[in-house]
Amino acid sequence: MRPISHFKKDYGYRIYIIFLLIMMALPASTLSGSDPKIIRFSHVVSENTPKGWGAMELARRVNKALKGKVRMEVYPNGTLFNDNQAIEAVAMGSLEMAAPSTAKFKGFVPGLQLFDIPFLFSDLHAVHKTMDGEIGRELKSIFRKRALGIQLLDFWDNAFKQFTCNTNPLTTPNDFKGMKFRIMDSEILEAQIEALGGVGYQSAFSDVFDLLSEGKMDGQENTASNIYTQHYHTVQHYMTLSNHGYLGYLVIVNQAFWEGLPWPVQKKISAILKEVTLGVREKAIAFNQHALTALKTYAETHDAFEIVSLTSDEKQALQRAVAPVEKEFKDLIPKRWLETIQHDHGL
Ligand code: LMR
């Protein structure tokens with residue numbers, strides 16, 4: 001017979017091993033005694049758009065990498081909040097994440113309307129240089145310093161915007177006279193339409209289709225991917241390939257929530273987000289090209305919808321008409337930023 005002391009030692013060791021095995025089989029959340037942190041990501045566009053893809057991809061990868069610690073849930077199509085509500089909710093901590101367009105931050109960081117200045121960026125490369133460089137870093141620190149309750153994590157692309165209209169093709173500034181255009185919530189966009197002779201009305205994205213179909217607005221401006229997925233082409237007669245301004249997003253998170261996440265979790269999400277941002281840049285081009293092709297096909301098969309290209313003279317005339325807008329807002333946008341962008345473009 002084995003001495004009692006050995007038996008006790010052996011028995012204790014076995015219990016210890018069983019305990020370890022049970023602990024290893026349990027999700028991390030159970031170990032720490034807490035459920036996974038829920039990150040609700042709210043946005044207003046359809047899933048098959050650059051932002052829609054970005055949100056889903058971010059959630060897919062975060063949920064895989066941080067299983068048990070974090071669970072990201074995506075709410076597309078404005079099912080949870082419209083953009084203005086989402087920004088407020090992130091600031092207040094009643095929503096964790098969102099990615100509203102830069103224009104929507106007018107009341108928080110007015111300088112962000114930089115991205116709305118018509119014809120400021122010559123191409124996406126110029127936009128990325130701004131976001132990835134000194135101006136992007138400065139914007140992130142403005143959010144931190146102003147203690148808005150919002151942390152700016154990254155910038156996501158959509159594309160350059162096109163005009164659509166119901167009454168006549170828009171090729172010269174004269175064609176905009178007296179027309180009502182739905183715009184995003186930006187004073188610069190309002191001034192842009194005014195400079196062309198029209199009137200801009202700020203309204204929520206979720207209302208645009210009805211405003212156009214009920215004839216309450218004559219036109220609007222948006223990217224091909226938004227025009228196509230929101231079916232504006234079915235309620236508008238003309239689309240002008242104007243590429244007159246950029247539309248992109250700020251990926252934001254509630255500051256206190258973010259700072260409350262364990263450092264390794266923050267680090268992992270940031271690393272995944274960085275990769276997803278690069279993916280969004282590629283997908284944004286693909287989604288917008290696909291949407292434009294689909295819109296062209298629609299135009300070929302439907303008399304009620306026409307796509308109009310601009311000659312370089314026509315484009316220059318539009319550029320000249322909106323040129324005063326930049327100067328009008330010189331107190332809103334730091335001169336330094338404009339100089340950096342113009343210097344980068346070699347202007
Ligand atoms: C809009 O309001 O037109 C855009 O901000 C929608 C979006 O998120 O792309």
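Derivation of every value follows stated rules applied to the coordinates shown; laboratory data play no part. This structure is a prediction, so every number in the text was calculated from the model and none was measured. FYI the Cβ positions are ideal-geometry reconstructions off the backbone, even for glycines, and counts take in every protein chain you see.
Overview of values
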read-out	value
Full-extension gain in nm, residue 286 to residue 306, via 0.36 nm per residue minus C-alpha separation	5.0 nm
Gain in span if fully extended, residue 124 to residue 65, counting 0.36 nm per residue against the direct Cα distance	18.2 nm
Gaussian network model of the chain, Cα within-10 Å springs - most flexible of 255, 113, 202	202
Label-point separation in nm, residue 316 to residue 177, each point 7 Å along Cα→Cβ	2.3
Volume of the Cα convex hull of the chain, divided per residue and given in Å³	160
Modelled FRET efficiency - R0 25 Å, residue 88 with residue 47, Cβ distances, 0.05 increments	0.55
Kyte-Doolittle mean at least 0.5 and Cα axial length at least 20 Å: DSSP H helices in the chain	4-25
Separation of the residue 134 and residue 296 label points, Cα + 7 Å toward Cβ, nm	4.0
For residue 98, residues with placed amide H under 5 Å, excluding near neighbours	42, 252
Selected from 299, 225, 277, residue furthest toward positive end of dipole (the stretch 224-302; charges at beta carbon)	277
Mean separation of Cα contacts under 8 Å (6+ apart) over length of the chain, as relative contact order %	22
Calculated from backbone phi, Karplus (6.51, -1.76, 1.60) coupling profile of the stretch 100-117 in Hz, x at Gly/Pro	x, 5, 3, 4, 6, 8, 2, x, 9, 9, x, x, 5, 5, 3, 5, 8, 4
Residues whose placed amide H lies under 5 Å from that of residue 39, excluding near-sequence neighbours	71, 72, 73
Gain on full stretching of the segment that runs from residue 214 to residue 199 - 0.36 nm per residue minus C-alpha separation	3.7 nm
Extreme residue, positive dipole direction of the chain, given options 125, 263, 99 (C-beta unit charges)	263
Estimated dipole of the chain in Debye, rounded to 20 [Cβ of Lys and Arg +1, of Asp and Glu -1, Cα centre]	2300
Set 104/315; 129/177; 140/283; 69/161; 180/296 screened for pairs whose C-alpha atoms are more than 32 Å apart	129/177; 69/161
Within a Gaussian network of the chain (alpha carbon springs, distance under 10 Å), most fluctuating of 294, 224, 195	294
Efficiency of FRET between residue 328 and residue 267 - r from beta-carbon atoms, R0 56 angstrom, step 0.05	0.85
